[in-house]
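The values are calculated or read from the model by the stated rules, or taken from the named source; none is laboratory data. Just so it is clear, the structure is predicted and the values come from calculations on it, not from any experiment. As a convention, Cβ positions derive from the backbone with ideal geometry for all residues, glycine included, and neighbour counts pool all protein chains shown.
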Amino acid sequence: MYVGRIVSIGKNASGKLCAMYRVSSRSFPNRKATENERGIAIVPKEGHENDVFKNPYIAYNCLRLTGSYAVATNGSHTDPVTEKLEAGMNMRDALVSALFGMDYEHDHLNTPRIAAIVDRETGKGALGIVRIDAVLVREFE
């Protein structure tokens, strides 16, 4: 089985919350993670900037921090999830509304949108996914 993007939440060895993201792409392997003023973004490597014209889903913020939250996703829904948290929504509602509103990626693979949130204030996390046949969101201790 090929897994192109991974989104995960958990606790590290010292018990601190973490939100993780990994991209590995066969179709667009010439990308890198880079830090910017908003968090971490996935962008084409130098010399491959025009790849965004071949597929609009390959460049996006994948990690954002806001207040007590860390948000990690596999696509352009990072910013809408973060903005909903900043507007006062709880984790579940932020995930449900952003994922439902944006839907799965309408590419040739019907790529699911996956999102994770951890809240260092409550010690809880949440994962959500929207795919062609479902929207699923779950909170975790």
Kindly establish whether residue 95 is buried (at least 18 other Cβ atoms within 10 Å of the Cβ), modelled with pLDDT of 95 or more, out of contact with any Ser or Thr (no Cβ under 8 Å at 6 or more places or on another chain) and not in a strand (DSSP E or B). yes
Condition test on residue 75, is it part of a loop (DSSP other than H, G, I, E, B) and under 11 Å from the mean Cα position of the chain (by Cα)? yes
Picking from 82, 78, which residue would you name as being of a type outside the set (A, V, I, L, M, F, W, C), out of contact with any Ser or Thr (no Cβ under 7 Å at 6 or more places or on another chain) and within 30 Å of residue 14 (Cβ to Cβ)? 78
Any residue in region 75-90 that is in contact with a His (Cβ under 9 Å, 6 or more places away or on another chain) and either surrounded by fewer than 17 Cβ atoms within 10 Å (Cβ to Cβ) or charged (D, E, K, R) (or both)? no
So, in region 1-41, exactly how many residues are under 21 Å from residue 79 (Cβ atoms), hydroxyl-bearing (Ser, Thr, Tyr) and either touching a residue at least 24 places away in the same chain (Cβ under 8 Å) or touching a helix residue (DSSP H, G or I) at 6+ places or on another chain (Cβ under 6 Å) (or both)? 3
For region 10-60, how many residues are under 28 Å from residue 126 (Cα atoms), surrounded by 17 or more Cβ atoms within 10 Å (Cβ to Cβ) and among the acidic types (Asp, Glu)? 0
Only one residue in 89, 20 is more than 16 Å from the chain's Cα centre (by Cα), within 21 Å of residue 140 (Cβ to Cβ) and either assigned to a strand (DSSP E or B) or of a type in the set (A, V, I, L, M) (or both), so which one is that? 89
